[in-house]
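Asks: Questions regarding the structure given below will be posed in turn.
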Amino acid sequence: MYSIAAKQAKGKFAQDNIFAANNKAVALADKLGNDKVINATVGSILDEDGNLVVLDVVQEEYKKLTPRQYSSYAPIQGYAEYLDDCIDQCFGESRPAGYIRACSTPGGTGVLHHAVHNYSEIGDEILITDWHWGAYDSVIKDNNRKIRTFALINKEGHFDLDDFRIQLNDLVSKQKNTVILLNGIANNPTGYCMTVAEWQAAVDAIRAAVENTDKNVILVPDVAYLDYSGEKKECRKFFKVFGNLPKNILVIVAYTLSKGFTLYGQRMGAMIGITSDEGVAKEFVDINQYSSRATWSNCNSAPQQAMIAICRDPAKIEKLDEERKFYFEMIQQRANIFMKEADELGIKYVPYISGFFITIPMEGAQAVCDKLQEDNIFMVPLKKGIRLAVCSVSKKKMQGLAGKLKAAMDEVGVRQ
């Protein structure tokens, strides 16, 4: 094929297993009826009737927006009130000590892009977990960086600090900056959650790696599923470990409204920088604001204004928390159904704590997913297993799903 693309763009193409599987499931549901199809692919909350969940309090504020509020250009950095609200909603009572600044981004993906683009050099390796959201690969490669992985979970079912330390120290020895993308809260695709102690151990390892050196580490905690990872105050306690770090360690929290405010398609989030150095904090805003102008210019006004309206009213925040709690518990109930049945059948899954997904490790995931589709069941094949979206499968449909998975595995001859 004749190509006129630049060298760095040649050969690129968008192939996403998640959207591909979801599109098939949606088309079949339209044809046969939603009750005849199990769509365990979509990373959005669906209620027990299969409808997309948008929190009531969010819907109400959206409907009140004036034309000026939803059509005006927002500041490049984002509305000041919005950024303050993102910081408050993200940290809650566990705000870390240090200079904290924020810039608006189109969802958490915008945070990942800027972190990689502005804090690593072309050819650098970016450290991520072996179990990770596939878009990490695209963000890293599209910026002409390389992927380095470490094992998220060790044989004992805990955060693999040893492998993290090995990979971290090797990269610090080779690169001026080491960027780490760490989705350690309600991990996509596994649902694993790092404990406060595990976060502290990771930060201690980073501190030791750059102590008495001219090297820097940029840690990017991806907290997309924060509001469905546990009790509101308890699940945020780990943020405290990011306070009072040396100036050569910058933490950039990837915060998004996609899940916590159910505003998936509005593409709204914020990158929140935490540093002990005022100059690093100013640089954080300056360079990331510049990159925003050079890519998407500025972000969507409507979701920012809706969030401002909600967060300025204690009664609305209370309603927001109640709705989140309801759906968190609903998702946990669904996950518990699957895990109980899987345990009874001897199906292994990656340790699940909370979040939207459970992962069943195996070789031959594609063959199993193909077999499941013959029974109108859709899951997402990964390199090392199958992702089940517990956020989108009702409790009724979840019952017996483990048995159907086991039957498909047996039929195609896949063993764990």
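The values are calculated or read from the model by the stated rules, or taken from the named source; none is laboratory data. For clarity, every value in this text was computed on a predicted model and none was experimentally measured. Cβ coordinates were reconstructed from backbone atoms using ideal geometry, including for glycine residues, and neighbour counts include every protein chain displayed. The area values use the complete protein model at the heavy-atom level, side chains included, leaving out ligands, DNA and RNA. Shrake-Rupley method; radii C 1.70, N 1.55, O 1.52, S 1.80 Å.
Asks: Consider residue 88 against the criteria (1) crowded, with 16+ Cβ neighbours inside 10 Å; (2) within 23 Å of the chain's Cα centre (by Cα): it satisfies all of them except one. Which criterion is unmet?
Replies: (1)
Asks: Let me ask another. Report whether or not residue 49 is more than 22 Å from residue 190 (Cα to Cα), modelled with pLDDT of 85 or more and surrounded by 10 or more Cβ atoms within 10 Å (Cβ to Cβ).
Replies: no
Asks: What number of residues within region 251-276 are over 26 Å from residue 300 (Cβ atoms) and open to solvent by 10 Å² or more (accessible area, probe 1.4 Å)?
Replies: Residues flagged as over 26 Å from residue 300 (Cβ atoms) and open to solvent by 10 Å² or more (accessible area, probe 1.4 Å) within region 251-276 amount to 1.
Asks: Among the residues that make up region 307-325, is at least one of them open to solvent by less than 50 Å² (accessible area, probe 1.4 Å), in contact with a Leu (Cβ under 9 Å, 6 or more places away or on another chain) and within 22 Å of residue 194 (Cβ to Cβ)?
Replies: There is at least one residue in region 307-325 that is open to solvent by less than 50 Å² (accessible area, probe 1.4 Å), in contact with a Leu (Cβ under 9 Å, 6 or more places away or on another chain) and within 22 Å of residue 194 (Cβ to Cβ).
Asks: Could you tell me which numbered condition residue 12 fails, if it satisfies all but one of (1) open to solvent by less than 70 Å² (accessible area, probe 1.4 Å); (2) outside any helix (DSSP H, G or I)?
Replies: Every condition holds for residue 12 apart from (1).
Asks: If I ask for residues that are of a type in the set (Gly, Ala, Ser), surrounded by fewer than 19 Cβ atoms within 10 Å (Cβ to Cβ) and in a loop (DSSP other than H, G, I, E, B), which ones from region 142-186 would you list?
Replies: 151, 157
Asks: As an exercise: evaluate residue 244 against (1) on the phi > 0 side of the Ramachandran plot; (2) open to solvent by less than 50 Å² (accessible area, probe 1.4 Å); (3) over 19 Å from the mean Cα position of the chain (by Cα) and give the number of the one condition it does not meet.
Replies: Here residue 244 clears every test but (2).
Asks: Evaluate the following for residue 28: is it at negative phi, open to solvent by less than 70 Å² (accessible area, probe 1.4 Å) and under 23 Å from the mean Cα position of the chain (by Cα)?
Replies: no
Asks: What pairs come up if the first residue lies in region 256-270 and is of a type in the set (A, V, I, L, M), the second is surrounded by fewer than 24 Cβ atoms within 10 Å (Cβ to Cβ), and their beta carbons are under 6 Å apart, counting only those six or more places apart or on different chains?
Replies: Every condition considered, the pairs that remain are 257/263; 268/300.
Asks: Could you identify the single residue in 111, 116, 139 that is hydrophobic (A, V, I, L, M, F, W, C), in contact with a Lys or Arg (Cβ under 7 Å, 6 or more places away or on another chain) and either within 29 Å of residue 169 (Cβ to Cβ) or open to solvent by less than 10 Å² (accessible area, probe 1.4 Å) (or both)?
Replies: Within the list 111, 116, 139, the selection yields 116.
Asks: Looking at (1) open to solvent by 30 Å² or more (accessible area, probe 1.4 Å); (2) of a type outside the set (Asp, Glu); (3) over 13 Å from residue 39 (Cα atoms); (4) in contact with a Lys or Arg (Cβ under 7 Å, 6 or more places away or on another chain), which is the one condition that is false for residue 376?
Replies: (3) is the only condition that residue 376 fails.
Asks: I've got another one for you. Can you list residue pairs whose Cβ atoms sit under 8 Å apart, with the first residue in region 390-416 being on the phi > 0 side of the Ramachandran plot and the second being open to solvent by 30 Å² or more (accessible area, probe 1.4 Å)? Count only pairs 6 or more apart in sequence or on different chains.
Replies: Between residues of region 390-416 that are on the phi > 0 side of the Ramachandran plot and residues that are open to solvent by 30 Å² or more (accessible area, probe 1.4 Å), the close pairs are 400/341; 413/364.
Asks: Further question: Residue 70 - would you say it is open to solvent by 40 Å² or more (accessible area, probe 1.4 Å), touching a residue at least 12 places away in the same chain (Cβ under 8 Å) and farther than 30 Å from residue 249 by Cβ?
Replies: yes
Asks: Hand me the list of helices (runs of 4 or more DSSP H) wholly inside region 299-388 holding 3 or more residues that are of a type in the set (Asp, Glu) and within 23 Å of residue 223 (Cα to Cα).
Replies: Ranges flagged: 314-345.
Asks: Okay, next question. Return the total of residues in region 338-359 being within 24 Å of the chain's Cα centre (by Cα) and open to solvent by 40 Å² or more (accessible area, probe 1.4 Å).
Replies: Looking only at that region, the number is 4.
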